[in-house]
Amino acid sequence: MSTFLKNILDNQTELNLNHLFLAYDYGDIEVINLLHQAIKYLVQVLLNLGNLIDANKIFIHSPLFNHKTLEVELYRLLNEYSSDLLGNPQKILIDPYDDFRGSLGGAALAIYKTSLEF
């Protein structure tokens, strides 16, 4: 198995998402296959989740989709697989990732549940 990651990393403990993005952009086939497979599994989970919950929208909040090519791949697979579903699937949206958005949403939900819900 040959991967570009071996050339840009001194050891495995340094690996982060930016290294994967760099290897992806350089055409590292191992990284491309890994990320595309992960997105394919995520699409399957999202489409199955649509059968389990009653929601109009599902928001994805992940640094993985800061890479626009991966975001395009997610939407491509969603369109490809959702055509096999019965009924109308939920709208799946990618929420731009930052470190504080998830904690703000959690705090807002906690305030709503404890103080505002009647």
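Would you kindly derive the ³J(HN,Hα) couplings of region 36-47 from the backbone phi angles with the Karplus curve 6.51 cos²θ - 1.76 cosθ + 1.60 (θ = phi - 60°), listing them in order in whole Hz, with x for Gly and Pro?
Running phi through 6.51 cos²θ - 1.76 cosθ + 1.60 with θ = phi - 60° gives 5, 5, 4, 5, 4, 5, 4, 4, 4, 5, 4, 5 Hz.
Treating each Cα of the chain as an identical point scatterer and ignoring solvent, apply the Debye formula and state log10 I(q)/I(0) at q = 0.10, 0.19 Å⁻¹.
So the normalised log intensities work out to -0.43, -1.08.
Which of 114, 39, 65 sits farthest toward the positive end of the charge dipole of the chain, with +1 on the Cβ of Lys and Arg and -1 on the Cβ of Asp and Glu?
Result: 114.
Please list, in chain and number order, the residues 5+ apart from residue 94 or on another chain whose amide H is under 5 Å from its amide H, with Hs placed from the backbone.
When sequence neighbours closer than 5 places are left aside, the close amide H contacts are 60.
On the protein heavy atoms, probe 1.4 angstrom, tell me the percent of accessible surface of the chain carried by carbon and sulfur.
56
Determine, from the Cβ-Cβ distance of residue 14 and residue 108 and an R0 of 35 Å, the FRET efficiency 1/(1 + (r/R0)^6), rounded to the nearest 0.05.
Computed FRET efficiency for residue 14 and residue 108: 0.50.
With a 1.4 Å probe and all protein chains left in place, how much accessible area per residue does the chain have, in Å²? Display every interim value, and only then the final one.
Numbers: 8490 Å² over 118 residues.
Accessible area per residue, the chain: 72 Å².
Compute, for the chain, the length of the dipole vector about the Cα centre, with Cβ point charges of +1 (Lys, Arg) and -1 (Asp, Glu) only. Units Debye, rounded to 20.
My answer is approximately 300 debye.
Given only helices, namely DSSP H runs of n ≥ 4 each adding -39500 (n - 2.57), what is the per-residue ellipticity at 222 nm of the chain, to the nearest 500 deg cm²/dmol?
Calculated from helices alone, the mean residue ellipticity at 222 nm is -17000 deg cm²/dmol.
Out of region 43-103, which chymotrypsin sites (Phe, Trp or Tyr not before Pro) are coil in DSSP terms and have no more than 10 other C-beta atoms within 10 Å?
100
What's the FRET efficiency of residue 56 with residue 34 using the Cβ-Cβ distance as r and R₀ = 25 Å, to the nearest 0.05?
Efficiency, from the Cβ-Cβ distance: 0.20.
Give me the net charge of residue 9's neighbourhood, meaning all other residues with Cβ under 14 Å from the Cβ of residue 9; Lys, Arg count +1, Asp, Glu -1.
Residues close to residue 9 contribute a combined charge of -3.
Determine, at each q value in 0.13, 0.16, 0.25, 0.31 (inverse angstroms), the log₁₀ of I(q)/I(0) that the Debye formula gives when each Cα of region 27-78 is one equal point scatterer.
The Debye formula, applied to the Cα set alone, gives -0.34, -0.50, -1.05, -1.33.
The values are calculated or read from the model by the stated rules, or taken from the named source; none is laboratory data. Model, not experiment: these values are computed from the prediction. All Cβ positions, even for glycine, are placed from backbone atoms using ideal geometry, and neighbour counts span all protein chains on display. Just so you know, the surface numbers come from the protein's heavy atoms only, side chains and all, with ligands and any DNA or RNA stripped out. Shrake-Rupley method; radii C 1.70, N 1.55, O 1.52, S 1.80 Å.
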